[in-house]
Every structure is written in C-alpha cells, then in structure tokens.
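Everything below concerns the one structure shown next.
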Amino acid sequence: MNTNELREKYLKYFQRKGHALFPSDTLVPDDPTVLFTSAGMNQFKPYFLGEKKDVSRAASCQKCFRTGDLEEVGRTPFHHTFFEMLGNFSFGDYFKREAIAYAWEFLTAELEMSSEDLWVSVYRDDEAAYRIWVDEIGFPEHKIVRLDEDKNFWPANAPSAGPDGPCGPCSEIFYDKGADAGCRKKECGPACDCGRFVEIWNLVFTEFNRCGENDLRPLPQKNIDTGMGLERMASVLQKKDSNFEIDIFAPLISHTEAQLGVSRRESESTLRAVRLIADHARAAAFSICDGVYPSNEERGYVVRKVIRKAVWSAYLLGKKEPFLCTFIDPLVATMAGAYPELKEKSEILRKVIRTEEEKFFETLEEGNEQFTQIAERKKAQGSSEIEAEEVFRLYDTYGFPLELSELMAAGYGLTVDRPGFMRLLSRQREQSRKKSMFQESIFTQDREFSAPSVFRGYEALTLSGRISHVFTAGAEQERPLRQGEEGLVILPQTPFYPEGGGQCSDQGRITTGEGEFLVEAVYKAKETIIHKGRVVQGTIAPADSQARVDPERRAALSRAHTATHILQSVLRKVLGDHVVQQGSYVDADRFRFDFTHFAGLSYDQLQRIEAEVNRRILRADPVRKEIMDFSEAKRRGALAFFKEKYSDSVRMVSVGEFSRELCGGTHLDTTAQVGSCALLSESSISSGIRRIEAATGWKAYEHFRQNRQGLAEIAVRLKTVPAQVPEAIEKLQSELKKAQDLSAAREKELMQARIDTVRAETEPSSGIRFLAHVMENPDRTALFNAADALKESIGSVFLFLYAPSQKKPLFLCTATDDLLNAGLSMRDFLQKTRAELQLKGGGNDRIVQGVVGASGEGYIEKVRAQMKRFLTRKEGV
C-alpha cells in the first residue's frame, strides 16, 4: 500500500464512522505558545476548549513541523522535521471504548495487519482501557504492558510534574518486527528503545484537569485525541526498515545521492547526511509553501537554519554550489497529488531556496575570513575558548550560524561559549520585541469583564455609551483617573479601531460630564478593546460618555490601507502571481508593504507600478465591504494573509473588480478618495522578501512638492530650466570625465618621474621583493594607475600602497603575475593582517583594496614588518 492510498483509506474509514473531515491546517499555528503546527490537534483547540460546538468528531491528515527533534534527524530511522500526522478526534462524544475499537478495526480489517504482530501499552492506573482491550477486543493480556506516566500519559509526567490543565492517560499500539530485530534480548518489550517495537498509533484519553501535584479531577467533557504518523505507518506496511525508504521518501534519497555523487551505504556518517539533506529539503519546501520565508526571526530563523544545515552537510561532502533548490521536482512528483500547492508554487520554492543557498555561500566566505582571524588569534594567545561576544558578532554581522562556528572551532581544537551566545541572543531579541504598557493576560475573565467590547467604528465615528472600566496606566488599580494621569479606559461599544491587521489604531477623545480623556492608542486583548491615553480635563470614571474618533486621522489611515490593497493587485499584475503579502504597516497617509519577490525592482518597474496604482485610484472604483462565509470568500478568489486566522464568517474588501482580500481594517468608499500614491523606497528585508514604502493623500502631495522644489533648486544651480536638468548633468559629467582622465595621465607621468626613487624603497624577503609606499593625495583610480606603473617598472614585486591624507585613508595591495601565479595570495595577506593593520576591505587572490582604520605614526613601517613576516611564512612561493 503506497502512502497516498494509506492517507485516503484512513480518512474514508473515519468519514464512514461519522467524522467530519478537515483539510490539513497551515504550518503556521494560531497559537502563540508554539512556532509551528506540531500535532494534529492544534487546529481543534477551539473544539477541545468548548468554544466551538458545531462538530463533535473529526479526522484529518495534518502537516506537522517539529523543532525539538532537529538533532535526531538522520540519526534514527523515524525522526523527521516535517511529517504528516493522521488523527481522529472526539469532542465530548465517544471515548475510550470507541477509540480503541476504531483503531483495532482499522488496523486489522482495513489494513489487514496480523494481530500477531501487534502489542499494546496502557497507563499503569488505567484499568478501564486495560479491560476494554482484554474483554471487548479480546487482546492477549501477555501482550499488554503497563507503563508509567513518562511513557503513557499526556503531557508526559503531567500528574507529578505538570503543567496544570487538561491531561489524560494514553494507550499506544506497537508493531513488532520480530525477535530477530533490535537488541534480541528475551525481555525486550514495547518500553525498549532498541527498534524492534515501532509505535504506530497513540490514543490519548483527555479526561482529567490537573489542579496540582497528583491532583487529577475529572473533566466535564471527555475528549479523544489520537495520532498515527503517516510515514511510520507506511514503513510498516511497505516492510521498510526506515521511513526514508518509503515510496514518498525514496526518490528524495536517490536525488540526494545523485546530486552529491555519493552512496548512503558508504558510511554511517554519509547515511546520516543523506537522510538529513532529504528531510530538510522537504521541510523547507513545505514551510515556504505555507508562507514562512528564511529570515533571522522566529519561524523564519528555523527555516533558515534547516536550509543552511542541509547545505552545510552537503558542503562537508564536497558539494560547494547551490543544489537544494533541485529537490522541488521530485517533491512535486511524489506529494503534489495530496498537496497541489507544491506544484502551484514550485517556481517560487526554487527561487527562495536558491536565493537562500547563495546567501549562505556568501556568508561562509565572509564569515570564514573573520573566523580564521579570531581562531588564529586565540591559538596564539593560548586560549581554549572563543568568547560569546566574538561568535555573536559573526552571527549578528554576517549571519554566520552558531553551529558553524562550533564546527570550525573544533577544527582548531577550540570550543565556543554557547551559553554566553544564547544569553546575548536572548537579550537582543528582548530589546527588539515591541514593548507594551500592559500584558494581554491582564484582560481575561479573571478581571470579571463579562461581555466583550464591540467595535462599531465601521458605521460611525461618534458613539454615546457608558464607560465600564477605568484603570491606572499599568492596570494595577481600577479607580478614577485625575487630570494629567495616564490610564486605560474600556467601553462596551466603541468607534475606535484597535491596532491590528497591520493597521495603526484610531486616536480621538472620550468625554463625560466630569472630564475628557485623550485617546492616544487603542489595543485589543482577547475580546476586550482597551483605550490608552491620559486625562486632559477633570476626572474620568465609569459614567455616561461620548467617544469621538479623530476623523482626519481615520481618513488618512483608510487612504493608506485601501492603497495597500491596490498596490498588491498591481504588484501581482506587473511582477507575477508569486507575489504574496508577508506583512504591512499602515499609518496615517503612509504605509509599508512586504511581499515575496526575488530581485530588486528596477526604476522602470517602480515607475510602471506607481503609474498603474494612480491610474486605478483615478478610476474612482467602488470599495465594497461584505460579510460572508470563509469558504464563499475563497471561492470568489479572496486573498488571505497567511499570518492571520479567520473565523467561519469573514469580511471581504473588494476594490473594483481587480482586488478581493479578507480584511478587518478601515477603508474608503471609492479609490478616488486615496487622492494619490507615491512610492518612496523599495528594499530587501530578507531572502526573497521585498519591502515598498509609500505615501498617500497629503503626504504623497508633500513628497511630490519637495521633489519638484528640489529639481527647481538644482536647475537654478546648473543655470538651466527643470526640463533640461538631465542634459546639463550629462554635460557636467562629460567635463568631469575629461578632467579626471587628464589628472590620471599627469599622475602617471609624475609616478614615472619618481619611479627610480620609489624603486629604491623595495626590500627583499625570502627571495621576493616587496614595497610599502605612501601616496600623497590620490583617489582610488590614481592608486590603481600607480600600482600598474610600479609593477611594470620593477618587474617582480609584492606591493602595498597607502594614501593617508583621505578622509578615509585608502590602501591597495597586489603583486606581479609571476608571484601571483606561484601562489602568493592577496586575500590570504588581508586575512592574516586585517586586525594588526586595521584593514577594512576585500577582494580576491590577485588584488585587495579598502580603507584603513586607526593608523597613526609609523604605520608604513608596521606594514613593511607585516609584509616581511607574511613572506617568511610563504617558503613554497
């Protein structure tokens, strides 16, 4: 049975048993406690918590991504980064009896597995599950093992170690490979980790609420949560020793071997590397397909780490060029039947992965130079450890992974201060995290907010009502606020839009008979809308009030937000359908928009995009807002932002006939109300993600006005009119080029005249003549001309030219062809002397150039000493 057949058979079986079939949820969970969807039950949390009740039993095949097992991938036959989890769930419907019966029937009747090959485990105190297996299933008692809370309870060790909350015992089903497998010990059983017994299905009976150590109280609603790893079950049915040999994985393994020119049978380390590369290529592709792009933050950092670990593993096997992007074709061939989005996004997957690979090779080259200097300095100092600050600088400046620093340090017999690095990383992330004056956890039912706030700002900007709660700034106390005090105000109904969906909040005023509250920001915590601000007059306490939104700010926010929708539609038209929103920030008449694309936009592209956006604005197309079912919105082609979670009922914003998006933000009634839109900048924010910043309305007008004024001032300076500025600049550039050429020719003549004097400065070392010379007032071009003249005149020389009189002193280091061809490397010289000579620059083996940091008196003598020292170590040249 192939894997696709197993997936389909499972879902159809549980559909016949009255389960609603759910498609796999995205890998990006609606759960702040986890980075990725790591289990089948993630999307069903609202049902487990009783928040949704329209379904009582469900089944799914869920895409999962687990980061906890990254170090095990490749080392074991069954661990994966990305995998699929088959699951059936009951929300207060059936319980242990049916869950066990369904599992047994599916395995033995549907899959025709022999009961002789199966074993079962139950929690030590779960007599009910034990009796069901024995009395109702007829399972042999000698093949049922009772295990402790570390093996057969969810979460593991919950009774004694926590956490508090819903939990319950498990019953696991194992496949026995036979006495000749694993450790071959007579006492071997399901609790043994030797590999003979393969866990194929875990049945979790969520029946308790933990309220303290070993204090388990029955839940009012008992739930079932089961999980069967698709790849593991397939390996059992296909009689394979590992998941990496099944039908959907074997092509990836073969592709890895072909790309690397190796066989996994060469050695244990090669086998691990081949498995890891195939696994990580698949995991990266599925993550990117769900909108998680490589970056240095959170989920993106994990995807970057996965890609780079695979590339590094291949690098160690001799593959020193991008190749991971070639996995998309075999992945589409094996899995696009179940996940058609892989084929739809195949081109974007290739480009993102290749871009990340190329970026990593650049990182390796730059970071390697830096690391070599650090390691050699540490060895010279007799140190055994590289400080966390040094490693963190490489990570922060070059994106050089900690893991690579550790591997390279080991090659020098050094260690890395990993705990110190993690502290620095944690501190950096804490500093960059957005600060808020309150925590969301404050605003829960524990504070007796019996009813959620209702947003009425779509219909009106002014609303009368009653203030329900008033808090001091940090929500420490609930009491009236006096004039000048900052605090938080809550209204049962409000016209103020809270910050969300990328849009900044409204501002305005809340007035009562006793005072006035200036609203500076508005947030939403769970279902409560909180108005943050200060009292500008009198006292603010619970009372009848009038809330008034600043209409000019609301209009400016709406202009910018509607413009982001127009911009996205234009980007997809000009650049292609691969453009997908990755984030946005909408402020008053200004916004930024992040989107997927793989190269910087040209001037012509930006001009075309800006013109098309403004053309659509001037058409005065209607902007419609409709409430409808999520499925209907998707059917009508609405774009959904992957980081947002949508309820069954959604708001679709349509702009003309060219844009449909799910959006809860504030918008205009027609595109003409945007006024105009000016693109201010375009840049890269991470691999495969671009950012456009733009202005609308009055800020767009101000941008155009300043540009016009600037052009007029340039025209005055050039003594021409604005329309003829380009021609005037071309004329100036031509004249400047002639002057530079003349200056270079004269500099060359002067150098020729001084050549005999300069030649006398050359010194020998190890049979090679070298020269360190100070140049007076040259630019970079003059340095190159001087180097050419000296090499031609001297014949064979290792040359360092230094120009100290520049604002940033320049240097250039090169040699004649005979020395370069014999192995003298300028890049090597730069790496060895960068720190001592304060050199900042780069180049290749033939020439390096850049600027000099702190030099000081006697600098050129220091250069000569370093050149001589370098040559004495190059005895083979």
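The values are calculated or read from the model by the stated rules, or taken from the named source; none is laboratory data. Just so it is clear, the model here is predicted, and its values are computed rather than measured. Neighbour counts run over all protein chains shown; Cβ positions are idealised from the backbone, glycine included. Calculation scope for accessible area: heavy atoms of the full protein, side chains included, ligands and nucleic acids excluded. Shrake-Rupley method; radii C 1.70, N 1.55, O 1.52, S 1.80 Å.
Can you tell me, using C-alpha contacts under 8 Å and at least 6 residues apart, the relative contact order of the chain as a whole percent?
6 percent
To the nearest 10 degrees, how steep is helix 268-289 against the longest Cα principal axis of the chain, on a 0 to 90 scale?
Long axis of 268-289 versus the principal axis of the chain: about 80 degrees.
What's the whole-number percent of alpha carbon pairs in region 513-616 lying beyond 22 angstrom?
Pairs farther apart than 22 Å: 50 percent.
Take the Cβ-Cβ distance between VAL134 and LYS17 as r, set R0 to 30 Å, and report the resulting FRET efficiency rounded to the nearest 0.05.
According to the calculation, E is roughly 0.85.
Pull up all non-local amide H partners of ILE689: gap of 5 or more, or a different chain, and H-to-H distance under 5 Å with H placed in the peptide plane.
The list, which skips near neighbours in sequence, is HIS597.
For region 658-665, take each phi angle, set θ = phi - 60°, evaluate the Karplus expression 6.51 cos²θ - 1.76 cosθ + 1.60, and give the result in whole Hz per residue in order, putting x for glycine and proline.
10, 9, 9, 9, 7, 7, x, x
Sort out for me the Cα centre separation of region 197-266 from region 576-630, rounded to whole Å.
Between the Cα centres of region 197-266 and region 576-630 lies a distance of 42 Å.
Semi-axes, largest first, in whole Å: what does sqrt of 5 times each Cα gyration tensor eigenvalue give for region 559-631? The partial results should precede the final answer.
Values: eigenvalues 89, 52, 36 Å².
Whole-Å semi-axes of the equivalent ellipsoid: 21, 16, 13.
Can you find, among THR814, MET775, THR833, the residue farthest towards the positive end of the dipole of region 723-863? Put +1 on the C-beta of Lys and Arg, -1 on that of Asp and Glu.
THR833
Please compute, over every Cα-Cα pair in region 314-398, the percentage with a separation greater than 18 angstrom.
61 percent
What is the projected area of the convex hull of the Cα atoms of region 271-372, averaged over all directions, in nm²?
Mean shadow area of the hull around the Cα atoms is 6.8 nm².
When the dipole is taken about the Cα centre of the chain, and only Lys, Arg (+1) and Asp, Glu (-1) are charged at their Cβ, what size is it in debye, to the nearest 20?
Once rounded to the nearest 20, the dipole reads 1960 debye.
What ranking, highest mean first, results for peptides 315-322, 95-102 when packing means the other Cβ atoms within 10 Å averaged over each residue?
Details: 315-322: 13.9, 95-102: 18.8.
Listed from highest to lowest mean packing, they are 95-102, 315-322.
Using a 1.4 angstrom probe on heavy atoms only, work out the carbon and sulfur share of the accessible area of region 708-809 in %.
On the way: 3470 of 6550 Å².
The C+S portion of the solvent-accessible surface of region 708-809 is 53 percent.
Which value, in Å², gives the accessible area per residue of region 539-590 when a 1.4 Å probe is used on the protein heavy atoms?
34 Å²
Work out from phi, with θ = phi - 60° and the Karplus expression 6.51 cos²θ - 1.76 cosθ + 1.60, the ³J(HN,Hα) of each residue of region 559-566, listed in order in whole Hz, and give x for Gly and Pro.
4, 5, 5, 4, 5, 5, 5, 4
Taking region 581-701 as the region of interest, what is the percent of Cα-Cα pairs per 5 angstrom bin, listed from the shortest bin to the one with the maximum distance?
2, 10, 17, 21, 22, 16, 9, 2, 0
About the Cα centre of region 20-73, what is the dipole size in debye to 20, counting +1 per Lys and Arg Cβ and -1 per Asp and Glu Cβ, all else neutral?
The calculation lands at about 300 debye.
In Å², and per residue, what accessible area does region 117-156 have when probed at 1.4 Å with the other protein chains present?
Ligands and nucleic acids excluded, the result is 46 Å² per residue.
Can you give the translational diffusion coefficient of region 668-782 in µm²/s, computed by Stokes-Einstein from the Kirkwood radius over Cα pairs at 25 °C and 0.890 mPa s?
The diffusion coefficient I find is 120 µm²/s.
Taking every pair of alpha-carbon atoms in region 800-877, give the share separated by more than 21 Å as a whole percent.
So the portion of pairs separated by more than 21 Å is 23 percent.
222 nm [θ] for the chain, helices only, -39500 (n - 2.57) per DSSP H run of 4+, per residue, to 500?
Counting only the DSSP helices, I get -12000 deg cm²/dmol.
Once each part is reduced to its C-alpha centroid, what is the distance from region 458-497 to region 57-110 in angstrom?
47 Å
Sorted by average packing, counted as other Cβ atoms within 10 angstrom per residue and highest first, what order do 294-307, 213-226 take?
294-307, 213-226
If you take the beta carbon distance between LEU742 and SER805 as r and set R0 to 30 Å, what does 1/(1 + (r/R0)^6) give as a FRET efficiency, to the nearest 0.05?
Values: r = 21 Å, r/R0 = 0.70.
Rounded to the nearest 0.05, the efficiency is 0.90.
To the nearest 0.05, what FRET efficiency results for ASP125 and MET422 with a Förster distance of 41 Å applied to their C-beta separation?
So, using R0 = 41 Å, E works out to roughly 0.55.
Evaluate the chain: find the radius of gyration of its Cα atoms, find its Kirkwood radius, and give the ratio Rg to Rh. Before the final figure, lay out each step's value.
Working: Rg = 34.0 Å, Rh = 32.9 Å.
Result: Rg/Rh = 1.03.
I want the local charge near ALA772. Using Cβ-Cβ distances under 14 Å, sum +1 for each Lys or Arg and -1 for each Asp or Glu among the other residues.
Combined, the nearby Lys, Arg, Asp and Glu give +2.
What distance in nm separates the two pseudo spin-label positions at ALA161 and GLN381, each 7 Å out from Cα along the beta-carbon direction?
Each label point is offset 7 Å from its Cα along the Cβ direction, giving 3.9 nm.
Which values of log₁₀ I(q)/I(0), to two decimal places, follow from the Debye formula for region 144-185 at q = 0.13, 0.26 Å⁻¹ with a uniform point scatterer at every Cα?
Values returned for q = 0.13, 0.26 Å⁻¹ are -0.41, -0.87.
As I understand it, the value is the acute angle between the Cα axis of helix 96-105 and the longest principal axis of the Cα atoms of the chain; what does it come to in degrees, rounded to 10?
So the inclination is approximately 70 degrees.
Please compute the modelled spin-label separation between ALA181 and GLU749, points set 7 Å along Cα→Cβ, answer in nm with one decimal.
Simple spin-label model gives 8.9 nm for this pair.
Give me the lysines in straight-line cross-link reach of LYS748: C-alpha distance below 18 Å, same-chain residues under 8 apart excluded.
Once the sequence-local lysines are set aside, what remains near LYS748 is LYS737, LYS738, LYS791.
With a 1.4 Å probe and all protein chains left in place, how much accessible area per residue does region 228-271 have, in Å²?
41 Å²
For region 119-252, compute Rg over Rh where Rg is the Cα radius of gyration and Rh is the Kirkwood radius from the inverse mean 1/r over Cα pairs.
Radius of gyration over Kirkwood radius for region 119-252 works out to 1.02.
Given a 1.4 angstrom probe, I'd like the percentage of the accessible area of region 191-316 that is carbon and sulfur, rounded to a whole number.
Carbon with sulfur: 44 percent of the solvent-accessible area.
Calculate the length of the line joining the C-alpha centroid of region 811-861 to that of region 361-384, in whole Å.
One Cα centre to the other: 17 Å.
Across 10 Å bins from 0, what is the distribution of all Cα-Cα pair distances for region 631-724, in whole percents?
13, 25, 31, 17, 9, 4, 1
When the convex hull of the C-alpha atoms of region 65-185 is computed, what volume per residue in Å³ does it have?
Working: hull volume 19.8 nm³, N = 121.
Value for region 65-185: 164 Å³ per residue.
For region 202-344, just the Cα atoms, rotate onto the principal axes and tell me the three extents in Å, largest first.
That works out to 58, 41, 34 Å along the principal axes.
Restricting things to alpha carbons, tell me how big region 176-268 is in terms of Rg and Dmax, in Å.
Every Cα atom of region 176-268 included, Rg and Dmax give 19.7, 59 Å.
Give me the one-decimal Kirkwood hydrodynamic radius in Å for region 469-530, with the sum taken over alpha-carbon pairs.
12.3 Å
Assuming 0.692 mPa s and 37 °C, estimate D for region 1-157 with Stokes-Einstein, Rh taken as the Kirkwood radius over Cα pairs, in µm²/s.
187 µm²/s
Taking the Cβ of LEU711 as the center, what net charge do the other residues with Cβ under 13 Å away carry, scoring Lys and Arg +1 and Asp and Glu -1?
Every neighbour counted, the sum reads +2.
Principal axis lengths of region 711-860 from Cα atoms, whole Å, largest first?
Rounded to whole Å, the extents work out to 64, 34, 32 Å.
Lys/Arg Cβ at +1, Asp/Glu Cβ at -1, dipole of the chain taken about the Cα centre: which of PRO77, ASN614, SER171 is farthest positive-ward?
ASN614
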